[in-house]
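The values are calculated or read from the model by the stated rules, or taken from the named source; none is laboratory data. As the structure is a computational prediction, the values presented were derived from the model and not from experiment. Glycine gets a Cβ as well: all are built from the backbone with ideal geometry, and neighbour counts include every protein chain shown.
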Amino acid sequence: MDITIYNTTLLTMQGKGLGVIPNATIGIEEGLVKYLGRAKTIDYKKADQIIDGSHHITMPGFINSHIHSGITLLRGAAQDVPEIEWMNKAIGPFVKHLTKEDLIAGSKLGVLEGVSSGTTTFAEYTTNVKDLVEEVYFPWGIRVVAIETINEVNRDRSRLKPTDLYEFDQDKGIAAFKRNKQLFQTFKGNPLVSVMFGPQALDMISLELLKEIQAECHERLSKFHMHVAQGGRERLQIQGRFGKDKTTVKVLKSHDLLDSHLIAVHIHDTTSQERELLVNNDVGMVGCPSSISMIDGIVPPVSHYRSLGGIASLGTDQAPGPGNHNMIRELRTISLLTKVLIQDPTAIPAWEALQLVSVLGSHNLGLEKKVGTLEVGKQADIITIDLKKVNLTPEIYKPFYNFIPNLVYSMNGNEVDNVIINGEMIIHNYKFEKIDTKSIIDDVNQRATRIFVDAEEDWIQADSQLVDFHRKGLI
Ligand SMILES: [Zn+2]
């Protein structure tokens with residue numbers, strides 16, 4: 001055995017609930033879960049690395065189903081602005097000034113933050129995603145779903161009015177699609193990397209290209225991961241292009257683009273019937289609660305989607321909206337916001353929230369045979385959580401497990417003390433084994449300082465709400 005964790009409380013995430021096994025041992029060998037259970041049929045002392053799991057929860061690492069990690073170095077750049085301004089006027093002026101190296105540095109920061117709060121799988125969605133996989137995820141040994149952003153619109157849209165239709169550049173879309181296809185070849189057989197297609201959104205791509213992407217998905221048995229019905233900015237574009245009575249879901253349906261290969265991110269600008277249509281067509285949903293409440297003032301309809309029988313999971317999206325890449329905060333946020341939204345404190349109970357970032361996340365990303373639950377033969381993506389922390393005390397096992405609600409409502413993320421991915425120890429006793437976190441933070445600070453200064457003029461010209469706050473001395 002390479003690693004054993006003994007005397008621990010396992011949340012296997014199997015079955016209807018969380019599959020709790022108290023006083024358990026789990027053994028890892030050659031990247032896989034070799035043994036787990038209560039019985040002492042394993043001599044845990046024979047492993048190369050032995051971890052005392054007492055007063056700890058041991059569970060599958062969290063799955064972040066949607067992240068743009070590169071822009072983490074713009075944290076704090078675009079919050080408290082109207083939805084219609086966020087992308088083109090608030091964040092856009094800064095994004096223009098990011099170099100490839102900046103995006104890599106930002107990604108390192110975001111992934112560092114995610115892993116240290118228990119995330120072991122990231123669905124990374126960006127332009128030139130190969131750079132981030134090769135410079136960050138793969139060398140660090142972090143599991144990633146690589147998704148290339150495919151769009152046909154110009155990067156600089158800061159001077160457009162919301163009703164001005166985006167101009168399309170076919171060659172840009174074709175080049176991105178080609179890059180996306182090449183990823184399958186580049187990362188073939190890589191145990192840590194899987195690939196999906198990433199058409200950005202229906203307002204940013206032609207139907208012709210979207211259909212080509214769908215056909216490619218069918219052929220490769222892959223998925224396409226797309227922002228769907230995010231809000232007013234997208235709605236105006238769709239109405240302008242397809243007609244006043246059209247919505248994103250209506251257009252996708254009429255062109256046979258709704259199927260089990262589609263992962264629809266957001267979907268909050270949808271009617272009840274449209275969500276039903278998505279569920280009936282086996283479309284998976286990803287909600288990004290912190291990001292979307294910040295950017296759109298909306299609660300992702302995760303609870304509604306689940307009640308219709310759909311598969312849903314969670315993502316952090318990006319840092320400049322939600323603030324960070326911490327799945328524990330997403331759990332608390334989605335549960336609390338949903339309770340308020342539907343005025344029902346029973347909505348999204350803690351056990352259901354934990355499923356969103358484990359077993360359901362793995363199903364949504366097509367990784368259910370590899371990760372998402374603790375089972376013999378599955379890949380060992382495992383975290384331990386220290387229940388001795390002040391905010392997780394007391395630790396109660398009878399008559400019920402109080403640590404299940406505590407993981408969602410009391411945890412902050414910095415109680416994760418060990419992180420194992422694919423059987424490799426990434427964090428041991430709160431310390432990254434191979435990553436120099438200080439040099440990453442120093443580098444990001446230097447780069448971000450330059451970017452914010454370089455972007456100042458563009459930012460002022462774009463004239464978002466934040467510029468007004470700034471003039472008044474409020475930020
Ligand atoms: Zn996104």
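Using the structure shown, decide if S107 is buried (at least 22 other Cβ atoms within 10 Å of the Cβ), farther than 16 Å from I460 by Cβ and in contact with an Asp or Glu (Cβ under 8 Å, 6 or more places away or on another chain).
Working: buried (at least 22 other Cβ atoms within 10 Å of the Cβ): yes; farther than 16 Å from I460 by Cβ: yes; in contact with an Asp or Glu (Cβ under 8 Å, 6 or more places away or on another chain): yes.
The answer is yes for S107.
Between residues in the stretch 261-273 that are of a type in the set (K, R) and residues that are surrounded by fewer than 19 Cβ atoms within 10 Å (Cβ to Cβ), which pairs lie under 9 Å by C-beta distance while being six or more apart or on different chains?
none
In the stretch 311-320, which residues are modelled with pLDDT of 95 or more, assigned to a loop (DSSP other than H, G, I, E, B) and buried (at least 24 other Cβ atoms within 10 Å of the Cβ)?
Matches in the stretch 311-320: G315, T316.
Given the criterion within 16 Å of the ligand (Cβ to nearest atom), crowded, with 18+ Cβ neighbours inside 10 Å and small (G, A, S), identify the matching residue among G92, G118.
Numbers: G118 fails: within 16 Å of the ligand (Cβ to nearest atom).
Answer to the selection: G92.
Looking only at the stretch 305-328, which residues are more than 24 Å from A90 (Cα to Cα) and away from the ligand (no atom under 15 Å from the Cβ)?
The answer is Y305, R306, S307, L308, G309, G310, I311, A312, M327, I328.
For V195, are the conditions met, namely being of a type in the set (V, I, T), outside any loop (DSSP other than H, G, I, E, B), within 16 Å of the ligand (Cβ to nearest atom) and within 21 Å of the chain's Cα centre (by Cα)?
Working: of a type in the set (V, I, T): yes; outside any loop (DSSP other than H, G, I, E, B): yes; within 16 Å of the ligand (Cβ to nearest atom): no; within 21 Å of the chain's Cα centre (by Cα): yes.
So V195 does not fit the description; no.
Of the residues that sit in the stretch 223-246 and are closer than 26 Å to D317 by Cα and in contact (Cβ under 8 Å) with a residue 60 or more places away in the chain, which one is surrounded by the fewest Cβ atoms within 10 Å (Cβ to Cβ)?
Across the stretch 223-246, the extreme among qualifying residues is G232.
So which residues in the stretch 204-222 are over 20 Å from G366 (Cα atoms) and touching a residue at least 40 places away in the same chain (Cβ under 8 Å), if there are any at all? Working first, answer last.
Of all residues in the stretch 204-222, those over 20 Å from G366 (Cα atoms) come to 204-212.
Residues satisfying the conditions are M204, I205, S206, L207, L209, L210, K211.
Among the residues of the stretch 109-119, is any under 30 Å from D381 (Cβ atoms), part of a strand (DSSP E or B) and aliphatic (A, V, I, L, M)?
From the stretch 109-119, those under 30 Å from D381 (Cβ atoms) are 109-119; that's our starting set.
Next cut, part of a strand (DSSP E or B) only: 119.
Adding the requirement that they be aliphatic (A, V, I, L, M) leaves none.
So far as the stretch 109-119 goes, no, none of its residues is under 30 Å from D381 (Cβ atoms), part of a strand (DSSP E or B) and aliphatic (A, V, I, L, M).
Let's see how each residue does on (1) out of contact with any Phe, Trp or Tyr (no Cβ under 9 Å at 6 or more places or on another chain); (2) surrounded by 20 or more Cβ atoms within 10 Å (Cβ to Cβ); (3) within 25 Å of P22 (Cα to Cα):
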| site | (1), (2), (3) |
| --- | --- |
| A380 | yes, yes, yes |
| L392 | no, yes, yes |
| H428 | yes, no, yes |
| D442 | yes, no, no |
| A455 | no, yes, no |
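I want to confirm something. Restricting to the stretch 70-89 and keeping residues that are among the aliphatic types (A, V, I, L, M) and assigned to a helix (DSSP H, G or I), which single residue is surrounded by the fewest Cβ atoms within 10 Å (Cβ to Cβ)? Let's see the steps before the verdict.
Applying the first criterion (among the aliphatic types (A, V, I, L, M)) to the stretch 70-89 yields 71, 73-74, 77-78, 81, 84, 87.
From what's left, assigned to a helix (DSSP H, G or I): 71, 73-74, 84, 87.
On the way: I71: 24, L73: 29, L74: 24, I84: 15, M87: 20.
Of everything passing the filter in the stretch 70-89, I84 is surrounded by the fewest Cβ atoms within 10 Å (Cβ to Cβ).
Where in the stretch 224-304 are there helices (runs of 4 or more DSSP H), lying fully within it, with 2 or more residues that are more than 16 Å from the ligand (Cβ to nearest atom), in contact with a Ser or Thr (Cβ under 6 Å, 6 or more places away or on another chain) and in the same structural domain as I213 (by TED's automatic domain parsing)? Write out each step before concluding.
Working: elements: 232-242, 248-254, 272-280, 289-296.
The helices (runs of 4 or more DSSP H) meeting that bar are 232-242.
Within the stretch 134-154, which residues are out of contact with any Gly (no Cβ under 8 Å at 6 or more places or on another chain) and assigned to a loop (DSSP other than H, G, I, E, B)?
G141, I142, N154
Which one of I71, I51 is in the same structural domain as E330 (by TED's automatic domain parsing), at negative phi and in contact (Cβ under 8 Å) with a residue 24 or more places away in the chain?
Numbers: I51 fails: in the same structural domain as E330 (by TED's automatic domain parsing).
I71 is the lone residue from the list that is in the same structural domain as E330 (by TED's automatic domain parsing), at negative phi and in contact (Cβ under 8 Å) with a residue 24 or more places away in the chain.
How many residues are under 18 Å from I421 (Cα atoms) and part of a loop (DSSP other than H, G, I, E, B) when one looks only at the stretch 1-26?
Residues that pass the stated criteria total 4.
Do we find a residue being within 16 Å of the ligand (Cβ to nearest atom), touching a residue at least 60 places away in the same chain (Cβ under 8 Å) and under 16 Å from I451 (Cα atoms) anywhere in the stretch 82-89? First the steps, then the outcome.
First pass over the stretch 82-89, keeping only residues within 16 Å of the ligand (Cβ to nearest atom): 83, 86-88.
Okay, now just the ones that are also touching a residue at least 60 places away in the same chain (Cβ under 8 Å), so 83, 86-88.
Still in the running and under 16 Å from I451 (Cα atoms): none.
No - not one qualifying residue is present in the stretch 82-89.
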